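**Student:** Below are the structure tokens for one structure; questions will follow.
What follows is calculated from the coordinates using simple rules that are stated; it is not laboratory data. What you see is a predicted model, and the numbers here were worked out from it, not measured in a lab. Virtual Cβ from ideal backbone geometry, glycine too; neighbours counted across all protein chains shown.
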Amino acid sequence: MSEEEKTTQLELPSDDITERLRPEMLQIGESREVIVDPRVFICSFPKSGTHFVEQIVQTICQPMPTERPWAGTFQGHSWTTEWIHIRKTLRRIGFIRDGTYAKGHVGYQKETANFLWGNGAAVLFVYRDPRDVAVSQTHHILNGKTHGHNEIYQDIGFDAALLAVIKGLDVYAGVMERWEHYAGWLEEDWVLSVKYEDLLNNKREVLSDIVRYIVGHSANVRGYQATIEEDILESVIDAMDRNSSRTDLSPTYREGKSGGWKTAFKKAHSLAFKQSDVNDWLIKLGYETDKDWKSDTEAARELEVAELKEKERVEAIEAMKKVLPQEDGETPAEWFERIRKQQEGEGNQAYLERLEVLSKEEPWE
């Protein structure tokens, strides 16, 4: 069983939470209350926080009654784009029952979405900045986690392995090529899309959205309307917050932060990623406003090069001034023009070429 397929063993729903949650959250108008146990499917792009969200959902649901509550659609531990036969996927998620959940890396197919709708499952689609996904996946592989050919990546080191994850290697597709097979979930208006970064930065707000969605959807597909009393909502959010903080129970947890790509990406990684993001997903998903982004590592290197270049320029100018001093009252631009004409008259082509380079690097005003 892979780390992705393992179920985290958290404190399961307490009688107090479940008994208060089900009837009071599902009041129907002013007349009566009904009990509706939710069915939940956590669909995530790999390395986007699957276990994090599972710990949240486990607060109100049990795992579905199978050996493991897992479903997937791609061969090679979900690192390829080779589809598993859809009948196998539907059979797995068909085990979801009232009061239970399942999880998995399930690429988007309309048949699967329709099946989950017909099953009455509330679907949480979890995604993350694909650049952070690439970094997390690289660490996952290099640390010997489920992949199939870890040794290929381990032999070439982190930077080359990250580039291979971005671009793809043999049967293992690049990160953005794989993302294209999941993106369709964003277009299903009845599915709740959960951005990993929002969970980190606005956790309680997102937890509230998750509870309202799960309860509301579970009621609506059965023909009811759900209302949630604030004290019950807050108590469930508190429990979810506690459960999801148990990072020691996640089999794939490493750092659980966002923006790690900014220090991991070098220029080659950024260029390869931009080339692979042919449909501008970073912009569509709100992670960037244009394609001119760069990592902190790139920016620091560019600054280092610029500072070195400026130092060399200043030293070259000072050396020239020692040989051909600047006259009193002469501006730098006037001095430069005088030197240029003088060297031109003497036919000193090498000197002229150096002056031309210096003039382009910095205005002489």
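**Student:** Using the Cα centre as the reference, give the magnitude of the dipole from point charges on the C-beta atoms of the stretch 120-202 (Lys, Arg: +1; Asp, Glu: -1; all else neutral), rounded to the nearest 20 debye.
**Tutor:** With Lys and Arg at +1 and Asp and Glu at -1, about 180 debye.
**Student:** To continue, here is another question. Please give the charge dipole size of the stretch 68-212, origin at the Cα centre, charges +1 on K and R Cβ atoms and -1 on D and E Cβ atoms. Round to the nearest 20 debye.
**Tutor:** That gives the stretch 68-212 a dipole magnitude of about 640 debye.
**Student:** As an exercise, identify the GluC sites (Glu not before Pro) in the stretch 51-109 lying in DSSP coil whose Cβ has no more than 12 other Cβ atoms within 10 Å.
**Tutor:** GLU67, GLU82
**Student:** Using modelled amide H (1.01 Å from N, peptide plane; none on Pro or chain starts), what sits under 5 Å from the amide H of GLY260, excluding residues fewer than 5 places away?
**Tutor:** HN-HN under 5 Å from GLY260: empty list.
**Student:** Please state the Cα pair-distance histogram of the stretch 117-250 with 10 angstrom bins from zero: what percent is in each bin?
**Tutor:** That works out to 10, 30, 29, 20, 9, 1, in percent per bin.
**Student:** Then there's this: Taking 37 °C and 0.692 mPa s as the conditions, I'd like the Stokes-Einstein D for the stretch 50-209 in µm²/s, using the Kirkwood hydrodynamic radius from alpha carbon pairs. Mind dumping the intermediate values first?
**Tutor:** On the way: Rh = 16.9 Å.
Using the Kirkwood radius from Cα pairs, D works out to 195 µm²/s.
**Student:** Here is a follow-up. Between ASN114 and LYS267, with labels modelled 7 Å along Cα→Cβ, what's the label distance in nm to one decimal, could you check?
**Tutor:** According to this spin-label approximation, the distance is 5.1 nm.
**Student:** Would you mind computing, in nm to one decimal, how far apart the modelled labels at GLU288 and PHE158 are, each placed 7 Å from Cα along Cα→Cβ?
**Tutor:** Distance between label points: 2.2 nm.
**Student:** Taking the Cα centre of the stretch 170-244 as origin, sum charge times position over the Cβ atoms of Lys and Arg (+1) and Asp and Glu (-1), and report the length of that vector in debye to the nearest 20.
**Tutor:** About 180 debye.
**Student:** Right, here's the next one. In the stretch 152-215, how does Rg compare with the Kirkwood Rh, expressed as the Rg/Rh ratio over alpha carbon atoms?
**Tutor:** Working: Rg = 17.0 Å, Rh = 14.6 Å.
Rg/Rh: 1.17.
**Student:** Sticking with this structure for a sec: Give me the extension gain from ARG212 to ASP296: residue separation times 0.36 nm, minus the current Cα-Cα distance, reported in nm with one decimal.
**Tutor:** 26.4 nm
**Student:** In the stretch 268-339, which GluC sites (Glu not before Pro) are in a loop and have at most 13 other Cβ atoms within 10 Å, using DSSP for the loop call?
**Tutor:** Working: sites: GLU288, GLU298, GLU302, GLU304, GLU307, GLU310, GLU312, GLU315, GLU318, GLU327, GLU330, GLU334, GLU337; in loops: GLU288, GLU327, GLU330.
Here the GluC sites (Glu not before Pro) that fit, given the DSSP loop and packing criteria, are GLU327, GLU330.
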